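Everything below concerns the one structure shown next.
The values are calculated or read from the model by the stated rules, or taken from the named source; none is laboratory data. Because the structure is a prediction, the values reported are computed rather than measured. Here Cβ is always computed from backbone atoms with ideal geometry, including for glycine, and neighbour counts include all displayed protein chains.
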Amino acid sequence: MRQRIAVVGGGPAGLTFARVLHHHDHPVTVLERDPAPDARPPGGTLDLHEGMGQLALAKAGLLAEFQALSRPEGQAMRILDVDGTVLRDWPARPDDRAHPEIDRGQLRDLLLGPLDVQWGSGVAEVVPGTGDGVLVRFADGREETFDLVVGADGAWSRVRRAVSPATPHYTGITLVETSLDDVDARHPGLARLVGDGSVAVYGVNRALVAQRNSGGHVKVYAQFRAPLDWHAGLDWADAEAVRSSLLALYDGWTAPVLDFLHHGTDFVHRPLYALPVSHTWAHVPGVTLLGDAAHLMPPLGVGANLAMLGGAELAEAIAAAPGELDETVRAFEERLWARAARWGQMATAGLERLVSPDPGEALALFDEVQPS
Ligand SMILES: Cc1cc2nc3c(=O)[nH]c(=O)nc-3n(C[C@H](O)[C@H](O)[C@H](O)COP(=O)(O)OP(=O)(O)OC[C@H]3O[C@@H](n4cnc5c(N)ncnc54)[C@H](O)[C@@H]3O)c2cc1C
């Protein structure tokens, strides 16, 4: 008899896991809290690395479709100082498939394909070790039992509580996201500044990154060191008040860069949290974790890649040995922990350098990782 497998969360980790199982004709139940795929704005673009996110898509049989959608030109990168001087300008190499960009919404739709997601299924609690398997309690009071519950429910995972007491801690760095639409027609100067890819500006304890998405949409990320309560008294529904607070934080920066904040709409507050770098847990039969639920780390371009690769590998391993579910999950967890610890260290150290008292650190970091 086929095992009853549920994945909680329809983000990159959960959908990749489910889609690879589907590719192997293995049934899986996908439980997602959002009431519909487009219930929330999907967020900015993701660059999917050849040996990680793209490998995961290959395991799902989706690489060709990804290649048709993704944007290698999005890899272009320009770095300025706060006076507007161009310090680095790396053009995109259009034939370079190493880590092209894709909009999150496009990736979600690609992964969703034929999957039958149970939308509006927020999980409140997971109880392992009942006689009949692992009990899932939903926020609306329903209950259902599975042989394996995979927690792919992100940073504030409910499933994680069944295996680990760990909770994310604040990194000391906050991000405020805003965006501009129809940038080529409405803000041609900013469109030129951001080019086909991204422009990043690094100052003392502050950074501002603008990233082109498809369809003339630009996401802007203001990142700065601040106590968690830096915004006490600020009304997030009052866009002009948020804009003024941000402009005060970036006081003295060159006007064209500040224009990203002047023209941005829909400010979203995202204090950056992380799990301990070497987060592991004592194996609990019937429950495991994937993606940010397992290894939330600062956003340095690998979180979704790791989430997808983990999801694909676990699904592939389950499909290859369906009768050995517990041994398969145990072996997978060891591999996941080792890889996540390596990348977690890199991302933690990287964030410290990108938003640093010495802006030269950010430039040095890029020089280390960018091809010359
Ligand atoms: C600004 C920013 C930029 C980033 N850029 C990149 C990048 O370029 N490349 C990259 O690789 N990574 C990037 N990341 C990291 C990346 O976004 C995450 O690592 C990735 O989304 C993790 O995927 P996930 O599926 O584990 O979790 P999530 O994407 O958080 O998905 C979790 C899903 O679970 C659902 N859920 C939550 N709780 C419940 C519940 N109780 N019951 C049911 N469903 C639930 C949520 O609704 C959500 O759909 C970035 C992050 C940020 C903040």
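Assorted remarks:
- Some residue of the range 268-278 being in a loop (DSSP other than H, G, I, E, B), modelled with pLDDT of 95 or more, at negative phi and among the aromatic types (Phe, Trp, Tyr): no
- Within the range 176-186, being of a type in the set (Asp, Glu) and within 11 Å of the ligand (Cβ to nearest atom) holds for one residue alone: 177.
- Filter result for residue 323 (out of contact with any Lys or Arg (no Cβ under 9 Å at 6 or more places or on another chain) and buried (at least 21 other Cβ atoms within 10 Å of the Cβ)): no
- Here residue 303 clears all of (1) in contact (Cβ under 8 Å) with a residue 60 or more places away in the chain; (2) surrounded by 20 or more Cβ atoms within 10 Å (Cβ to Cβ) except the condition numbered (1).
- Within the range 34-73, the residues that satisfy the criterion of being among the basic types (Lys, Arg) and either more than 13 Å from the ligand (Cβ to nearest atom) or assigned to a loop (DSSP other than H, G, I, E, B) (or both) are 40, 59.
- Checking each residue in the range 120-175 for being more than 14 Å from the ligand (Cβ to nearest atom), assigned to a loop (DSSP other than H, G, I, E, B) and buried (at least 16 other Cβ atoms within 10 Å of the Cβ) picks out 147, 163, 164, 166.
- Test set (1) touching a Pro at 6+ places or on another chain (Cβ under 9 Å); (2) of a type in the set (Asp, Glu); (3) part of a loop (DSSP other than H, G, I, E, B) - residue 109 fails condition number: (3)
- Any hit, the range 6-14, residues being at pLDDT 95 or above, within 16 Å of the ligand (Cβ to nearest atom), of a type outside the set (Gly, Ala, Ser) and outside any helix (DSSP H, G or I): yes
- Exactly one residue among 253, 236 is surrounded by 15 or more Cβ atoms within 10 Å (Cβ to Cβ), more than 16 Å from the ligand (Cβ to nearest atom) and assigned to a loop (DSSP other than H, G, I, E, B), and that residue is 253.
- Residues that are of a type in the set (A, V, I, L, M, F, W, C), within 14 Å of the ligand (Cβ to nearest atom), in contact (Cβ under 8 Å) with a residue 24 or more places away in the chain and outside any helix (DSSP H, G or I) do not occur anywhere in the range 327-349.
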